[in-house]
1. Looking only at the range A:221-242, how many residues end up being under 14 Å from A:Tyr125 (Cα atoms) and touching a helix residue (DSSP H, G or I) at 6+ places or on another chain (Cβ under 8 Å)?
2. Note down all Cβ pairs under 7 Å where the first residue falls in the range A:245-257 and is assigned to a loop (DSSP other than H, G, I, E, B), the second is among the β-branched types (Val, Ile, Thr), and they're at least six residues apart or on different chains.
3. Hey, B:Gly195 hits all of (1) within 30 Å of B:Tyr10 (Cα to Cα); (2) in a loop (DSSP other than H, G, I, E, B); (3) of a type outside the set (S, T, N, Q) but one; which does it fall short on?
4. Closer than 30 Å to B:Phe92 by Cα, touching a residue at least 40 places away in the same chain (Cβ under 8 Å) and either more than 12 Å from chain B (Cβ to nearest Cβ) or surrounded by 22 or more Cβ atoms within 10 Å (Cβ to Cβ) (or both), is that true of A:Val412?
5. So, in the range A:85-99, of the ones that are touching a Ser or Thr at 6+ places or on another chain (Cβ under 9 Å) and either among the charged types (D, E, K, R) or not in a helix (DSSP H, G or I) (or both), which residue ends up nearest to A:Arg114 (Cα to Cα)?
6. Here is a check on your reading of the model: is B:Ser41 modelled with pLDDT under 90 and of a type in the set (Ser, Thr, Tyr)?
7. Can you find even one residue in the range B:224-241 that is surrounded by 18 or more Cβ atoms within 10 Å (Cβ to Cβ) and in contact with a Phe, Trp or Tyr (Cβ under 8 Å, 6 or more places away or on another chain)?
8. How many residues are within 29 Å of A:Ala369 (Cβ to Cβ) and not small (Gly, Ala, Ser) when one looks only at the range A:182-233?
Amino acid sequence: MKTILRLLSLILGLIIIFLWTVPSQTSGTALEKIKKRGHLLWGSDAEGGAPYVFPDPKDPSRLIGFEVDIAEAIARELGVKAKQSQNAWDSLIPALERGDFDMAMNGIEITPQREAKVIFSIPYYIYTEQLVVRKEETFIKDIYGLKGKKAGTLSGTVAQDILMSIGGVDVKIYSGQVEPYEDLALGRLDAVLLDLPIAAYYAKPNPKLKYAGSPVGEGFYGIAIKKDDKEFKQETDRILAKLLRTGEFKKIYEKWNMWNETQAKLFETIKDSGSYVGLDESKKAPLYTFLPNLLKGAGITILISVVSMALAIILGLVLAILRLYGRPPLNALATAYIEIYRGTPLLIQLYIIYYGLPNIGISLSPLTAAFIGLGMNYAAYEAELYRAGINAVPKGQMEAALSLGMTQSLAVKRIILPQAFRIALPGVTNDFIALFKDSSLVSVIAMVELTKTYSILAATTLRFFELGLIVALLYFAMSYPLSLFARRLEKKLSNKK
Amino acid sequence: MIKVRNLHKYYGGHHLFKGINLEIEKGEVVVFIGPSGSGKSTFLRCINGLEYFQKGEIDVGDIELHSINRLMPDKKGIETIRRIRLKVGMVFQQFNLFPHMTVLENIIEAPQRALGIGRDKAAEDAVTLLKRINLEKKVNSYPEELSGGEQQRVAIARALAMKPEAMLFDEPTSSLDPEMVGEVLSVIKELVDEGMTTLIATHEMDFAKEVADRVVVFDKGDIIETGTPEEIFTNPKTERAKIFLSRILKRSIM
């Protein structure tokens, strides 16, 4: 007892010391904070890739990219060092609002929706959207040739809005910039529309791909700054204008092969620092207008969960039976399957199935890959549940069945499994509910289910809170009836015993 | 009807049976007695192939089960064991009724699925059997709704539904409350009276005296004595049998 008390007071003491040493949010302007701290914290997503911010291929511990150069230039002007803060691209704005860093700079397009949440510096780059198709493509010459075709883009980008606005385009949403081009080369997509810097870096060197038409949809990248840091914005604008005038910007862009004539227009923005003004529609849109999209996502979540679970239940049963009753080497193979699938992350399995298998000539549609990926993973867990259930059936049951002249397979089917299933049922239900939620992982293979729908809608409208609550409610509305049903089933089965 | 020749069995490193020979005639009633762990249950379980044995043969009718067929059964070996099980029914100490099935389903399961008898015919036979043991009212009950004695009677009916030529009873009353022992024994007695070839491992000495044609005494895996109930209970020849019987009889007097 005494030692526990001593341990507790030690932990408490450590917590107090820790809280003491963590710099409290001192009052003062952002600029003052930065100078006091000695470094400028800027948020970006290195996973987003080249040429923005990405690990140096020669020394992956170091980040490089044109935005790294810009951040360093700004920091230098402020008399401090620049420090990158890693954050998922989708949630850079909310993280900025929360105060995780001083500014966010990562190819963030200046849009009215975002301007409702944060303020932007004057533009530091004029981006355009470049359509990319396969080398042999002859039909699609510009974005208007996309009707009825499959086109990929990144979630929450202006390119996505453009694709959606054309109408009749089957838009596939990705969260990384490598994957859409991979899928295009593999024939899963007909075209990819993304910011020109991305296309220049990822698509241009690929011999299987080519540009279609000239860039469309001019827009600005701006540095996002918290709404109340007006002074910091002015300072940032001043520095950006200076970098532009001194030609340092041009040098940076030339270094990254991003300079083009369009960029000359940046000088106009110095005169009039207002960015483009658009209608603020989705910000004001009532919540119910999002429902059709969310319900569609929920439908896909249900489809994926139900089909994957059915697959998992059947395959799991086969695995459990092979593991327990199979002859060598089948039993060892079943065991190996279970251990490997349980011992590796589902995310890696999905990547291998969707992006890895095409290397050996097996190319699956996102939906098929989702079914197989989730189904095969959960099968390993179901197999172990059944095995535990089968082992929990008393030995005398099998002996009684055999002594009556039943074959082993008949005894397993008629006597052992029905009893084992009853024992395993609570675990299976539990797994089904877990699978419902794990199904959100398939968004990495371009499946837009409920969670992905949410992150796309929230990233464009920045209404993380209200939409998040609705989505959570939808998940709950799907999984709760399932637990109720399982409880009734358990009760019914135990009555029959 | 049942011939056991030179039966050897090892339990882990322990050599339990060191060459047992025993022959049982059709219609004969043989009762196996002996201390717990003496091997009488294991012997019965060897006969219908629930236990491995390392050497020897067991004949049931015209079917021969060789040790090798039990140890590493190929397709033919598995079929041999199954054919023996179809000839000899077995009743267990723990009843082992199927808890997820009603009394009727318990009884018709094997006739339907292992013999291919139609459901109606199997159910008709089952009801006839249940009437014989006075349990026709429990036809749709689940095992957990029955008393231990009722469960064991259903288990006997379930074995009989396969129309076996011989019955093995493995301590059929050992896990019953004392007041239920009688009802189970009287069902077995009825079977014996009808001429069923019956092998019983039991601690019920009075019952052994009453029904046995022959009593076999096991001790430490050996058959130490066989004979009529009279010979065994009044005049045992070996010292080991005497010690066992005196212990048992003392206990039943107290």
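The values are calculated or read from the model by the stated rules, or taken from the named source; none is laboratory data. A quick note: this is a predicted structure, and the numbers were derived from the prediction, not measured. Please note: Cβ atoms are built from the backbone with ideal geometry, for glycine as well, and neighbour counts cover all protein chains shown.
1. Looking only at that region, the number is 4.
2. none
3. Status for B:Gly195: all satisfied but (1).
4. For A:Val412, the condition - closer than 30 Å to B:Phe92 by Cα, touching a residue at least 40 places away in the same chain (Cβ under 8 Å) and either more than 12 Å from chain B (Cβ to nearest Cβ) or surrounded by 22 or more Cβ atoms within 10 Å (Cβ to Cβ) (or both) - is met.
5. Here the residue is A:Asp90.
6. Considered against the rule, which asks whether it is modelled with pLDDT under 90 and of a type in the set (Ser, Thr, Tyr), B:Ser41 comes out as no.
7. Checked the range B:224-241: at least one residue is surrounded by 18 or more Cβ atoms within 10 Å (Cβ to Cβ) and in contact with a Phe, Trp or Tyr (Cβ under 8 Å, 6 or more places away or on another chain).
8. Number of matching residues: 22.
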